[in-house]
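**Student:** I am attaching a structure below and will ask some questions about it afterwards.
The values are calculated or read from the model by the stated rules, or taken from the named source; none is laboratory data. Only a predicted model underlies this, so the values are computations on that prediction, with no experimental measurement involved. Neighbour counts are summed over all protein chains in view; Cβ atoms, including those assigned to glycine, are modelled from backbone coordinates with ideal geometry.
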C-alpha cells in the first residue's frame, strides 16, 4: 500500500478513538440512552449513537485512499446512510422512511459499478446478469440492516466488523486491489478503535448511525470484490458468515413461527447464550474463537482455491447453522426460549 493508504488507516483509528467519547458526551446530554428491558441484553443504561464517530473515521479514510469502483457513489451513499442512522438514533424512523432511502442508496451503488457480473458456482455461471443485479440491491439492503439486528451484545458488532474488514483487506491486497484493501483496512482500524469503548462492559453503543455504517461498508466491499474479480462474493460472504447465518436464520425462524420479524426480540443465537447465563465478554470471546477457528481458514481456502469457493462457503454456512440451532435448542431446553 502507499503511504497515503497507511495514513488512512491511522486516521480511521485515531479519529474514531478520539471522537467516540465526544459522541458519548453528546448522547448523554441529549438523552440518547438505551435503557435495560425485557427485550434487551444489557442491565444498565448505556449511551447510544457512538457509531457516528466510527463513520467519521471511515469517511475520512475513504477520502485518502486510491479510487474504488463506483467513484463518488460510495462516499455519497455513506453520508446518506450515516445521516439516516443519526436521525433514527434521535427519534426512531418508520420503515416507510428507512427502507426507501436504503433501497435508493443500494440501487445507486450497484448502478455506479455497472451492475453485477454473472456469479459462478464451482466454475459454472449461474443465471443471467439481469437476475444478479437486482438481487445485489436487495443483498446490500439486507447487509445494511443485518449489523443493526446483530448489535445487541457488548463489542459483538464492532468486533465482527474489525475481523471481517481485516480478512477482506488481506484478500484485496493479495489480489492487488490497493484502494479496496485500504478501505477494508480502514474499516477494521475504526472498528478496533470503537471496540475500545464498546468492549464489555460497553460504555457506549454503536446505535443505528454505526451499525448501518458497518453493514453498508461491508456490503460495498463485497460488491466491489465481485465486480473487480479480486474477492468473490462467496469469499466475502464467508468473512461475515457468523452474522449472516444468525440474522438470516433467526428471521426465517420467526417468519415460519408466525411472529413479527421486525419487532424487538431476543431470539438470535448470541442472545440465547446470554439468556443461558453467558456474560457479554464470554459471547464476544466465543465469536473470536469461531472467527479464528472456522471463518478465517474457510476464507483463506476459498481465496486460494476459487473453483471451490462456493462449496466452501456452503459448508461454512451449514456448520454455523448447526451452531445456531444448538444454541437455540439449549436455551429452549433450559426453558429460556422466548
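**Student:** Can you find a residue in segment 100-115 that is closer than 25 Å to residue 204 by Cβ and either touching a strand residue (DSSP E or B) at 6+ places or on another chain (Cβ under 6 Å) or in contact (Cβ under 8 Å) with a residue 24 or more places away in the chain (or both)?
**Tutor:** Of the residues in segment 100-115, the ones closer than 25 Å to residue 204 by Cβ are 101-102.
Then drop every residue that is not either touching a strand residue (DSSP E or B) at 6+ places or on another chain (Cβ under 6 Å) or in contact (Cβ under 8 Å) with a residue 24 or more places away in the chain (or both), which leaves 102.
Within segment 100-115 (the criterion being closer than 25 Å to residue 204 by Cβ and either touching a strand residue (DSSP E or B) at 6+ places or on another chain (Cβ under 6 Å) or in contact (Cβ under 8 Å) with a residue 24 or more places away in the chain (or both)), the answer is yes, since at least one residue qualifies.
**Student:** Another question about this same structure. Among the candidates 222, 193, which residue alone is at pLDDT 95 or above and either more than 23 Å from residue 6 (Cβ to Cβ) or assigned to a loop (DSSP other than H, G, I, E, B) (or both)?
**Tutor:** 222
**Student:** Further, regarding this structure: Restricting attention to helices (runs of 4 or more DSSP H) lying wholly within segment 227-338, give those where 3 or more residues are touching a helix residue (DSSP H, G or I) at 6+ places or on another chain (Cβ under 9 Å), at pLDDT 90 or above and surrounded by 18 or more Cβ atoms within 10 Å (Cβ to Cβ). Let's see the steps before the verdict.
**Tutor:** Working: elements: 233-239, 241-256, 269-275, 280-290, 296-304, 309-333.
Once the helices (runs of 4 or more DSSP H) in segment 227-338 are filtered for at least 3 residues that are touching a helix residue (DSSP H, G or I) at 6+ places or on another chain (Cβ under 9 Å), at pLDDT 90 or above and surrounded by 18 or more Cβ atoms within 10 Å (Cβ to Cβ), what remains is 233-239, 241-256, 280-290, 296-304, 309-333.
**Student:** Within segment 163-187, how many residues are surrounded by fewer than 22 Cβ atoms within 10 Å (Cβ to Cβ) and in contact (Cβ under 8 Å) with a residue 12 or more places away in the chain? Working first, answer last.
**Tutor:** Residues of segment 163-187 surrounded by fewer than 22 Cβ atoms within 10 Å (Cβ to Cβ): 166, 170, 173-176, 178-179.
Applying the additional criterion that residues be in contact (Cβ under 8 Å) with a residue 12 or more places away in the chain yields 166, 173-176, 178-179.
Within segment 163-187, residues that are surrounded by fewer than 22 Cβ atoms within 10 Å (Cβ to Cβ) and in contact (Cβ under 8 Å) with a residue 12 or more places away in the chain number 7.
**Student:** Do we find a residue being within 20 Å of the chain's Cα centre (by Cα) and either within 21 Å of residue 193 (Cα to Cα) or surrounded by fewer than 20 Cβ atoms within 10 Å (Cβ to Cβ) (or both) anywhere in segment 24-35? Spell out the reasoning first.
**Tutor:** So in segment 24-35, the residues within 20 Å of the chain's Cα centre (by Cα) come out as none.
No, the conditions are met nowhere in segment 24-35.
**Student:** Tally time: how many residues in segment 63-77 are at pLDDT 95 or above and crowded, with 21+ Cβ neighbours inside 10 Å?
**Tutor:** So the count comes out to 2.
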